[in-house]
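In what follows, a structure is listed as structure tokens, so that the remarks can point back to it.
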Amino acid sequence: MQQISTDPISPLGLCGYVGFWDFLTRRVRIGIAAFDDGRCCKLASTVLHEASHLRLFKGTERNAYKLEKDCFGCGTGKPPAN
Ligand SMILES: [Zn+2]
């Protein structure tokens with residue numbers, strides 16, 4: 001990972017984001033909401049979640065949520081059901 005930036009993505013309600021171009025350029029975007037433990041659990045957990053999306057083949061949502069649960073006790077360990 002080469003950079004962590006705080007982009008104005010919090011209006012979308014996102015804690016963080018890694019898009020296709022971010023994956024190619026190894027960038028993790030962290031939303032302002034990530035600094036609010038009540039919304040996004042621990043900041044370190046969010047950074048771990050987003051950074052895990054940079055892994056080739058293993059960067060799935062399922063794996064990212066499991067890492068958050070295993071490492072920080074955040075969430076259920078599974079992506080939220082929509
Ligand atoms: Zn994710």
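If you go through the stretch 25-62 and keep only what is more than 18 Å from L14 (Cα to Cα) and assigned to a helix (DSSP H, G or I), you end up with just T25. Is at least one residue of the stretch 46-58 small (G, A, S) and modelled with pLDDT of 95 or more? For the stretch 46-58, residues small (G, A, S) and modelled with pLDDT of 95 or more: present.
Criterion first (in a helix (DSSP H, G or I), more than 10 Å from the ligand (Cβ to nearest atom) and at pLDDT 90 or above) does K66 satisfy it? Against the criterion (in a helix (DSSP H, G or I), more than 10 Å from the ligand (Cβ to nearest atom) and at pLDDT 90 or above), K66 qualifies. In this structure, P79 does satisfy being in contact with a Lys or Arg (Cβ under 8 Å, 6 or more places away or on another chain) and either at pLDDT below 95 or crowded, with 19+ Cβ neighbours inside 10 Å (or both). Selection of the stretch 11-33 for residues being aliphatic (A, V, I, L, M) and touching a residue at least 24 places away in the same chain (Cβ under 8 Å) yields V18, V28, I30, I32. Do we have any residue at all in the stretch 36-56 that's of a type outside the set (F, W, Y), within 13 Å of the ligand (Cβ to nearest atom), under 13 Å from the mean Cα position of the chain (by Cα) and surrounded by fewer than 14 Cβ atoms within 10 Å (Cβ to Cβ)? The answer is yes; a qualifying residue exists.
The values are calculated or read from the model by the stated rules, or taken from the named source; none is laboratory data. Because the structure is predicted, anything quoted here is derived from the model rather than measured. So basically every Cβ, Gly included, is an ideal-geometry build from the backbone, and we count neighbours across all protein chains shown.
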